[in-house]
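Presented below is the structure to which this report refers.
The values are calculated or read from the model by the stated rules, or taken from the named source; none is laboratory data. This structure is a prediction, so every number in the text was calculated from the model and none was measured. Positions of Cβ are generated from backbone atoms using ideal geometry, with glycine treated the same way; all protein chains shown enter the neighbour counts. Keep in mind that these areas ignore ligands, DNA and RNA; they rest on the heavy atoms of the full protein, side chains included. Shrake-Rupley method; radii C 1.70, N 1.55, O 1.52, S 1.80 Å.
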Amino acid sequence: MGQLKGNKFRILIRDIDDIESATVTANKVLKQLEVTGVPNYFGWQRFGKPRTNTHLVGEALIENDLAKAVSLYIGNPSEDEYLENQKLVKLMMMEISKNL
């Protein structure tokens, strides 16, 4: 996170009923993020290999749905992967879905 310290971005929050309460909460969260930083849930930096679905994996992680995140990442082999790996992943995912 040290190399990302200079990155800046904006967060837009919509459809808020209690603006005062939301402002207080947002300021608390932002103060904490100044200390901890923002985790990188998306993209190749986080997952280490180019896959076209990492934005969906990141979304599942933010939703705290680990099973969905694993299923999306492991269960969708790239066409660039070895054919044996693609077949194995498909079989594995079929077995997992049987046990759910």
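Going by a ≥ b ≥ c, the root eigenvalues of the Cα gyration tensor, does segment 48-100 fall in the rounded group (a/c under 1.5), the prolate group (a/b larger than b/c) or the oblate group? Oblate is the answer for segment 48-100, as a/c is 1.5 or above yet b/c matches or exceeds a/b. Ranked from largest to smallest solvent-accessible area, with a 1.4 Å probe on the protein heavy atoms, Val24, Val89, Val35 come out as Val35, Val24, Val89. Ser97 sits among other residues whose Cβ lies under 14 Å from its own Cβ, and their net charge, with Lys and Arg +1 and Asp and Glu -1, is +2. FRET efficiency for the Met92 to Ile62 pair, using the beta carbon distance and R₀ = 25 Å, is estimated at 0.50.
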